[in-house]
1. Can you give the extra length, in nm with one decimal, that the chain gains between SER71 and ILE42 once fully stretched, where that is 0.36 nm per residue apart less the Cα-Cα distance?
2. For segment 214-223, in order, what is each residue's ³J(HN,Hα) by Karplus, 6.51 cos²θ - 1.76 cosθ + 1.60 with θ = phi - 60°, in whole Hz (x at glycine and Pro)?
3. Using a Förster distance of 30 Å, how high is the FRET efficiency between PHE195 and LEU173, based on the Cβ-Cβ distance and rounded to 0.05?
4. Which distance in nm do the two modelled labels at HIS23 and HIS121 give, with both placed 7 Å along the Cα-to-Cβ direction?
5. Taking θ = phi - 60°, what integer Hz values does the Karplus form 6.51 cos²θ - 1.76 cosθ + 1.60 yield along segment 122-129, in sequence order, with x for Gly and Pro?
6. With the Cα gyration tensor of segment 72-145 giving a ≥ b ≥ c as the square roots of its eigenvalues, does the rule (a/c under 1.5 for rounded; else a/b larger than b/c for prolate; else oblate) give rounded, prolate or oblate?
Amino acid sequence: MVRNFMQERNLQKPKEVWLQNIHEILDTSHEEVGNNEKIFSIDREDYKHRMIDCFLLIWQAGENDEFIITSNGFGIFEGVTGNMFGAFPFQYAFHSFYVISPKLVLVLCPSSFRKEIGTDHLYKFFGGKRSIFENVPHPAAIPKYVGTVNASRSKSNNEHNHSKFDPTDIFSLHARAFEKTLKSMGIEKQWNDTFTFPFVKLDSATVHLVNFILLNEVKPDLILTFLSRPYLYKTIVKYHKKVGVQQDFSNLKKNLFIELNRTHKDNLHLRKNIPTGQKYSWNVRETNSES
């Protein structure tokens, strides 16, 4: 499929497919990405899946925890991988992670994880395979629709969107069904609708689980971004105790231990050089910022 696409678009390397996809996605309106044939078909379908069937969560690390940022971790997922019908490889993400800071991670997951829908049918489809994050709260964004149904506007929108609707496309059917549901409630989507996203504060065990997934997928040219050496050291120690470990961070762990031990010795040295019983008198003067 990729080779045929490269020939059709006069592309020389697979990397150029990736670059063209990015260019076209950025240069195409959100609604039209799924119909842009300059984007590789699998990536178009993936975009439509995320657009129609997924919702966004914001997970927050606690005061004493942090998410480790890895050079290849943006978009790492937890889910199911295998071969369909014994021949075709597939991946299905239960949770895709996008760490945007040491304290926040955006999480994209299928609508089955919404409380009102439930994951029973999803787990059954994948033979009982369950998400390791199923017990974490999954509150959906709270929408506020500003527009009520306007007959003339609806007619115009229907005429505009008629050519886009594909009754053979499952995502088009989902989108049409959602619009009909809104209209039955007297609501119509508008550009200035608002969505309020609640933050979910995770416990330490769950933060370490997210970090485990990120660390498990690193490449040899690993680059880590972190706030605290002690916390990174603790994270590495916990990582090596997990089942399913695929990486060896022994050297990193050793270097962190040496650095932390050196810092500890420096602190002890500073403390020993503070004279006992020493008292200081501080002169405090108020200043007028306007003068």
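1. Between SER71 and ILE42, full extension yields 8.0 nm more.
2. These are the phi-based 3J(HN,Hα) values: 5, 5, 6, 10, 5, 9, x, 8, 4, 10 Hz.
3. 0.85
4. About 4.1 nm separates the two model spin labels.
5. In residue order, the calculated couplings are 5, 5, 5, 4, 9, x, x, 5 Hz.
6. In terms of gyration-tensor shape, oblate.
Every number in this text was worked out from the coordinates using simple rules, so none of it is lab data. Keep in mind it's a predicted model, so treat the numbers as computed, not measured. Every residue, glycine among them, receives a Cβ derived from its backbone with ideal geometry; neighbour counts consider all protein chains shown.
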